[in-house]
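Report on the structure given below.
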Amino acid sequence: MTELVVRRLLVDLKTPLPRHWCEGDAFRTALFNALSMSFPAGEQFFIDSVRAGWKLLPADRQGHYKDEVQGFVGQEATHRRIHTLFNDHLKSHGLVNHWEPRILWMRKIIAGLHPLHMLSITAAHEHFTAILADYMLRNHDMLNNTEPRLKTMWLWHAAEESEHKTTAYDIYRELGGTEEWRLKWFKRVTVLFLIDTARQVVNNLWHDGTLFKGSTWKSAKAYLFGDRGMLRSLYQPWKTYLKEGFHPNEHDATLSQNWLRDHADQYTRVGSAPATAAVAAA
Ligand SMILES: [Fe+2]
Ligand SMILES: [Fe+2]
């Protein structure tokens, strides 16, 4: 069982954001904005999946996972709240969230499936967020010229994604989820995630007026495919999920643990409510 702490982040999200808050870079800002737009609806789906899976466990296994699931729900609920505040600023920048309605539409399409499918989809996304988190923590210097409050917000979220990366996966396994469906959903989720990200990034750049600027695409090429490029760096860790018998703990979590230890002044620990109440109420 993984011990998960729910933290209240001590950053100001009321003061307006600069339009190109990510180091003054239009492309990277549009990319992170797109990801943030998916979080409130996406993370609600993860919460609902884990909660539904937990309820299907036998009583003794529910007890085993009770605190971990409470921590998972608390962390994702906090991410939703913080990114909703962040996303409100994006609306004032004239950006339009097209990704969220697609997530809500997808939820309706898969609503009749067994909760194991929801868990498999969630575990696949959690692998994405965990490897992306590791990338961001490893390359934290690439946010050095970003306002400290925003750098803290992104790295705090990254650290917690790495911290709770096993929860959905382990409950999927406990319930007898198969390798076949784990891999099927992972491949489907990969395609959808890439398409949805690309669509929202292009739309953000369109509303930003920077879609057709050469500097935007020069930055995209460097950030995605350069020496420390995101896609270039994430390909190998992405592939590990395809391995028979893969477990998320195969990826080291030291960077997450170090960040949380070194930035303890940036958050407070949230007092714990009774676990079953939190699991049921989120
Ligand atoms: Fe999250
Ligand atoms: Fe997560």
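Here, each number is a calculation from the coordinates, and none is a lab measurement. The structure presented is a predicted model; accordingly, all values stated were derived computationally and were not measured. Note that each Cβ is placed from the backbone with ideal geometry, even for glycine, and that neighbours are counted across all protein chains shown.
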Practice item. Would you mind computing, in nm to one decimal, how far apart the modelled labels at residue 199 and residue 243 are, each placed 7 Å from Cα along Cα→Cβ? Key: 3.4
**Study point:** FRET efficiency, residue 109 to residue 191 (Cβ-Cβ, R0 22 Å, nearest 0.05)
**Key:** 0.90
Check your understanding: Once you treat every alpha carbon in the range 117-220 as an equal point and sum by Debye, what is log10 I(q)/I(0) at q = 0.21 Å⁻¹?
Key -> -1.14
Check your understanding: Stretched out fully, how many nm does the piece from residue 62 to residue 5 gain, at 0.36 nm a residue minus the Cα gap?
Key -> 18.7 nm
Exercise for review: Work from the charge dipole of the chain (Cβ charges, +1 for Lys and Arg, -1 for Asp and Glu, about the Cα centre) and give the residue of 166, 214, 16 farthest towards its positive end.
Suggested key: 214
**Study point:** Violating pairs (Cα-Cα greater than 19 angstrom) within the set 14/165; 66/165; 14/151
**Key:** 14/165
Study note, to complete from the structure: Under the helix-only model (-39500 (n - 2.57) for each DSSP H run of 4 or more, divided by the residues of the chain), the mean residue ellipticity at 222 nm, to 500 deg cm²/dmol, is -23000 deg cm²/dmol
Exercise for review: Highest first, please rank the peptides 139-147, 4-12 by the mean number of other Cβ atoms sitting within 10 Å of their residues.
Suggested key: 4-12, 139-147
Check your understanding: Using mean Cβ contacts within 10 Å as the protection proxy, how do 13-21, 70-78 order, highest first?
Key -> 70-78, 13-21
Review point. Taking the Cα centre of the chain as the origin, how large is its charge dipole in debye, to the nearest 20, when only Lys and Arg (+1) and Asp and Glu (-1) carry charge on their Cβ atoms?
Key: 780
**Study point:** Spin-label proximity, residue 178 to the range 227-266 - amide N less than 18 Å from point 7 Å beyond Cα toward beta carbon
**Key:** 242-246
Study note, to complete from the structure: For the range 1-98, whose charge dipole is built from +1 on Lys and Arg Cβ atoms and -1 on Asp and Glu Cβ atoms, the candidate among 70, 96, 52 with its Cα farthest towards the positive end is 96
